[in-house]
Every structure is written in structure tokens, then in C-alpha cells.
Amino acid sequence: MAVYTKINQKEINIINKSFNIDKIKSFKGIKQGIENTNYILKSKNKKYILTIFEKRVLQKEIPFFMKLMDNLNNSKINCPKPLKTKSNKYLIKLKNKTACIVSFLEGKDKKILNINDCYAIGKTIARMHVVTNKIKLNRKNSMGIRNLKPLLESIKFKSKKYSNLKVFLKNNLIDINKNWPKQLPKGIIHGDLFIDNIFFKKNKLSGIIDFYFAANDYFMYEIAICINALCFDYKNRKFQLNHKKIKNLIKGYESVKKISIKEKKSINILCRGAALRYLLTRLYDYSNTPKTALIKIKDPNEYYQKLLSHNNLSSFKDYLN
């Protein structure tokens, strides 16, 4: 989420005419996140989220996200529900870009997770995987391991002092590609479960947002993304792996869906791949984002540290102890 595309009352009028919703009285851009433009819309009694899709999301893939969120809602997985227009469509055009409106999810993200939160997240992910395994939708992972080489090549390293970093990234990518697991259980994953995409209300998990990286991939890759995003603590200017958080995340997941031995053996390489993915996207945004965008660039160093941590581990037990 971010604000690249500015809207005004003209766009709000289009929304009011297109949807069977209460008249929108006010709107405000949401700065968090980095992918699409998002606004919170307010009527007299309700709130909605407007998403305007930006360049990283392919037009032909947007219906996949709409149908997925609708399916998840119908299966009691709490997430934003896409609204349909008066002509029964999910999508409209604003400023020559594709846009949608989804329901507002109650609750808010936490700044710091405790081990009970990790258990609840693990359980929710597993429930989601059970549901998505039965949904007949398909989307290739645009941020999968095969997409990282062109991403690395597109980063503008600003000076020669970054040459060692470039070599480090290339060597890691070669090794991760070489050892990437084959034929693990797969289905539709959320693909971007960061702390700000998980909402809590009265200290209970109330739902998950931002499905615009959802794709068909290994279920265990989802867990690897979560270990990177949710199971490190920031202490003394360093990101340190919290083994108790990982243990509870896994325990919560396995209370609903068992993880195979083959999946557990792949945890290190999947965690390395996930860490490299976020390191590269952050380096790209750090180097390539226009200064005019209303966006908070996230620090690439966080995922550099996390990748180094994974490079010093190997087995499933290393993550739990």
C-alpha cells in the first residue's frame, strides 16, 4: 500500500455513481506499504478501502485477486471483501488505471507480536491453505525464485562501493536456485504476510489484508516468508531470530495442517529465498522509486541481516532451538 496516484472529488463522484454504497464523504491516502495506491474512504456510517493498481500488478491478473478474496470470505477466512459495481463488476477505471473497492476490515496491526500471536497466525495460515487448496484459481508467483535474477539485474547500484554487495547477492541467488526444493505440497498462498497485513482486535486475530501477491506456490514458502517477516526481534540495532516465535508459528499451523518431513527439510533454503526476495525488492525501491511518490521506503539492511542469519543455519531443528 502507498500513494502514487492522487485522486480528487471527480474520482469520488465516479465511485459514488458506480457502487451501491453510502455516499463517500471523505478520503485519505494510506502511506504504508509499497505496491499499489490505497485510500481509506468514509461515508456517514461505513469505511471502505480503495485500491488503485500500479505497475507491478498485471491487469489480466487482477480478477484472480478479486475472486480469491471473495472465495476466502465465503469460507469464513476473514479478509477484505471486494465490492461489485451496479453492473456486477469488481473493477472500475480511475485516472486511466484499474481500481477496486473492498470492505474495511476491523482491527489494526500490532507493532510487536508475542508467541501467542504467532500461534494464532500459524493456525490462520493453515486454515487458509486448506481452503485455497480447493479453489480452482491459478496465478504464477510474480515474485517467485525464478523472477529474482531479472529483479537483481534491474537494480541501479549507485556507486562502486556496492560492488561487494552485488557479488554477495549473485552468489546467494546461484546457490538458492541450485538447491531450491522440487515437488513440495503447493496451492494458493498469501505471499506477503507482513506484520502490517495482519489485524488484531481486542488482542485476537481479526483478519488478513493485502492479497495482491497471492499466487500458487509451496505452502512451506509461506511459512518461510512469515519466519522472515514475523519471527525476528530487533535488539541492539540487530535483527535476531526468535526461536520461540517460530516454534509457536509452526505449532499453530500444525494444529490444523501437518507439515511433511520433506517440507521441514526445505525450511532453510526457502527462508534464504524469501529473505533474498525482500532484500532485492527493497534495494530496487531504494534505488528506483521516484522522489515524488508519497511512500516510505523500507530499509534493505534489515533483509541483508536476515539473509546472513539464514546462511548460518541449515536444519529444521536450527530454527526451533
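The values are calculated or read from the model by the stated rules, or taken from the named source; none is laboratory data. Being a predicted model, the structure only gives us computed values, none of them experimental. Here Cβ is always computed from backbone atoms with ideal geometry, including for glycine, and neighbour counts include all displayed protein chains. Each accessible area value is taken on the protein alone, full model and side chains, heavy atoms only, with ligands, DNA and RNA left out. Shrake-Rupley method; radii C 1.70, N 1.55, O 1.52, S 1.80 Å.
Of all residues in segment 150-189, count the ones that are more than 16 Å from residue 273 (Cα to Cα), out of contact with any strand residue (DSSP E or B) (no Cβ under 6 Å at 6 or more places or on another chain) and surrounded by 17 or more Cβ atoms within 10 Å (Cβ to Cβ).
Number satisfying all stated conditions: 2.
Have a look at 259, 223 and point out the one that is in contact (Cβ under 8 Å) with a residue 24 or more places away in the chain, over 21 Å from residue 299 (Cβ atoms) and crowded, with 21+ Cβ neighbours inside 10 Å. Talk me through it step by step, then tell me what you get.
Numbers: 259 fails: crowded, with 21+ Cβ neighbours inside 10 Å.
After applying the criteria, what remains is 223.
Identify, by number, the condition in (1) assigned to a loop (DSSP other than H, G, I, E, B); (2) surrounded by fewer than 17 Cβ atoms within 10 Å (Cβ to Cβ); (3) not basic (Lys, Arg) that residue 80 doesn't meet.
The number of the failed condition is (2).
Taking residue 90 as meeting all but one of (1) closer than 22 Å to residue 125 by Cβ; (2) buried (at least 17 other Cβ atoms within 10 Å of the Cβ), write down the number of the exception.
All conditions are met except number (1).
If you check every pair at least six apart or on different chains, which have Cβ atoms under 6 Å apart with a residue in segment 77-97 that is on the phi > 0 side of the Ramachandran plot first and a residue that is crowded, with 17+ Cβ neighbours inside 10 Å second?
If the second residue must be crowded, with 17+ Cβ neighbours inside 10 Å, the pairs left are 95/5.
Evaluate segment 269-289: report whether one residue or more is under 20 Å from the mean Cα position of the chain (by Cα), modelled with pLDDT under 95 and open to solvent by 70 Å² or more (accessible area, probe 1.4 Å).
Yes, segment 269-289 has at least one match.
Which residue pairs have Cβ atoms closer than 8 Å, lie 6 or more positions apart in sequence or on different chains, and pair a first residue in segment 179-190 that is of a type in the set (Phe, Trp, Tyr) with a second residue that is in a helix (DSSP H, G or I)?
Pairs found: 180/145; 180/269; 180/273.
Name the residues in segment 55-65 that are open to solvent by less than 50 Å² (accessible area, probe 1.4 Å) and closer than 18 Å to residue 5 by Cα, would you?
57, 62
Are any residues in segment 1-46 of a type in the set (Val, Ile, Thr), without any contact (Cβ under 8 Å) to a residue 60 or more places away in the chain and out of contact with any Phe, Trp or Tyr (no Cβ under 7 Å at 6 or more places or on another chain), and if so, which ones?
24 - this is the single residue of segment 1-46 that is of a type in the set (Val, Ile, Thr), without any contact (Cβ under 8 Å) to a residue 60 or more places away in the chain and out of contact with any Phe, Trp or Tyr (no Cβ under 7 Å at 6 or more places or on another chain).
Listed residues 112, 52; which is surrounded by fewer than 17 Cβ atoms within 10 Å (Cβ to Cβ), aliphatic (A, V, I, L, M) and within 20 Å of the chain's Cα centre (by Cα)?
Details: 52 fails: surrounded by fewer than 17 Cβ atoms within 10 Å (Cβ to Cβ).
When all the criteria are applied, what remains is 112.
Report yes if some residue within segment 138-147 is of a type in the set (A, V, I, L, M), closer than 26 Å to residue 49 by Cβ and at pLDDT 95 or above; otherwise report no.
From segment 138-147, those of a type in the set (A, V, I, L, M) are 143, 145; that's our starting set.
Among the residues that remain, those that are also closer than 26 Å to residue 49 by Cβ are: 143.
Checking the rest, the ones that are also at pLDDT 95 or above come to none.
No: zero hits.
Table: residues versus (1) in contact with a strand residue (DSSP E or B) (Cβ under 8 Å, 6 or more places away or on another chain); (2) open to solvent by less than 10 Å² (accessible area, probe 1.4 Å); (3) of a type outside the set (A, V, I, L, M, F, W, C); (4) free of Cβ contacts under 8 Å to residues at least 12 places away in the same chain.
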site: 218; (1), (2), (3), (4): yes, no, yes, no
site: 237; (1), (2), (3), (4): no, no, yes, yes
site: 244; (1), (2), (3), (4): no, no, yes, no
site: 254; (1), (2), (3), (4): no, no, yes, no
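Quick check on my filter: what residues within segment 1-29 are in a loop (DSSP other than H, G, I, E, B), open to solvent by less than 50 Å² (accessible area, probe 1.4 Å) and farther than 19 Å from residue 103 by Cβ?
Filtering segment 1-29 down to residues in a loop (DSSP other than H, G, I, E, B) leaves 1, 4-8, 20-25.
Of the ones still in play, those that are also open to solvent by less than 50 Å² (accessible area, probe 1.4 Å) are 1, 5, 7, 21, 24.
5, 7, listed by residue number.
Return only the number of the condition from (1) in a loop (DSSP other than H, G, I, E, B); (2) of a type in the set (S, T, N, Q); (3) in contact (Cβ under 8 Å) with a residue 60 or more places away in the chain that residue 71 does not satisfy.
Residue 71 satisfies every listed condition except (1).
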